[in-house]
Amino acid sequence: MLNAIKNRRSIRKYQNRPVERQLIEQVLQAGILAPSSKNRQPWRFIVVSGAAKDNVLQAMQQGMQREKIQPLLPENAPNLPSALHTLQIMQQAPVIIFIINILGQNLHQTLTTEAHISEICNAQSIGAAVQNMTLAATELGLGSLWICDTFFAYPEICACLQCQGQLAAALALGYADEQPAARPRLPLNAVTEWRD
C-alpha cells in the first residue's frame, strides 16, 4: 500500500479505453472498506459512463454557465476557468463516480453545533473512502482524479442524478494517458509539531 501512496497521481488525461466493471467494483469495494465515524458509512456511489455520463456532464456545463450569471459561489469566481477545465477532463474519462453523503444537510440550512460536528465527521469518513478508492485505482493500474469542482454546478448535477443526500465529490476513473511527476510536498518538519 505504501507504493500506491507514493505512486498515486491526479490524472488529467485518459486513454479512450473502457474500464472493466470488475475493476470499478474493486475500486468501490475499497471505498466501502474505509473507516467512518460511528460506523455510519454515509457514502453512496453513482457510477456513470456512456450516455448517462454525457447527461450529467451536460447538466454540469449548464450549471457552470449559470454560475457566470447567478453564482452560487461568488467568492470562488476566479476558480471557474479551472472548473471548466475539470469538466473537459471529466468528458475525457470513461467513468465518473459521484460520491453522495446520504447524511448530509441541505447546503442552505443553518446547522446546530451538533449537526455541524456531524457534518465534519461525515466529511472525514467520505474523504477516507475517496482516498481508499484513489489508492485502489493506482494498485489496479488505473488513473483517477478526485474532483470537487462539481460544487459550481451543485443544483444542476443533483437534479440530474436525483441525489438522495448531499453531493460530496466526484472521481474520474480510467486508464491514464500521462505520467505526471510527483508534485512537491511540504517537508515533515514544516507540518509537524512534536510535544512531550
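The values are calculated or read from the model by the stated rules, or taken from the named source; none is laboratory data. Since the model is a prediction, treat every value here as computed from it, not as a measurement. Note that we place each Cβ from the backbone using ideal geometry, even for glycine, and neighbour counts take in every protein chain shown.
A few notes on this one:
- Scan of segment 81-133 for residues that are small (G, A, S), loosely packed, with under 15 Cβ neighbours inside 10 Å and closer than 26 Å to C160 by Cβ, ordered by number: S82
- Of the criteria (1) of a type outside the set (S, T, Y); (2) within 18 Å of W146 (Cα to Cα); (3) assigned to a helix (DSSP H, G or I), which one N55 fails: (2)
To keep it simple, each residue is scored yes or no on (1) of a type in the set (A, V, I, L, M); (2) more than 13 Å from E156 (Cβ to Cβ).
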residue: Q62; (1), (2): no, no
residue: Q65; (1), (2): no, no
residue: Q70; (1), (2): no, no
residue: E75; (1), (2): no, yes
residue: T86; (1), (2): no, yes
residue: V95; (1), (2): yes, yes
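- Check on E67, part of a helix (DSSP H, G or I) and exposed (fewer than 14 other Cβ atoms within 10 Å of the Cβ): no
- Of the helices (runs of 4 or more DSSP H) lying entirely inside segment 106-196, those carrying at least 2 residues that are under 20 Å from the mean Cα position of the chain (by Cα) and in contact (Cβ under 8 Å) with a residue 24 or more places away in the chain are 113-139, 154-161.
- Filtered residues of segment 103-128 (kept if modelled with pLDDT of 85 or more and under 23 Å from L57 (Cβ atoms)): I126
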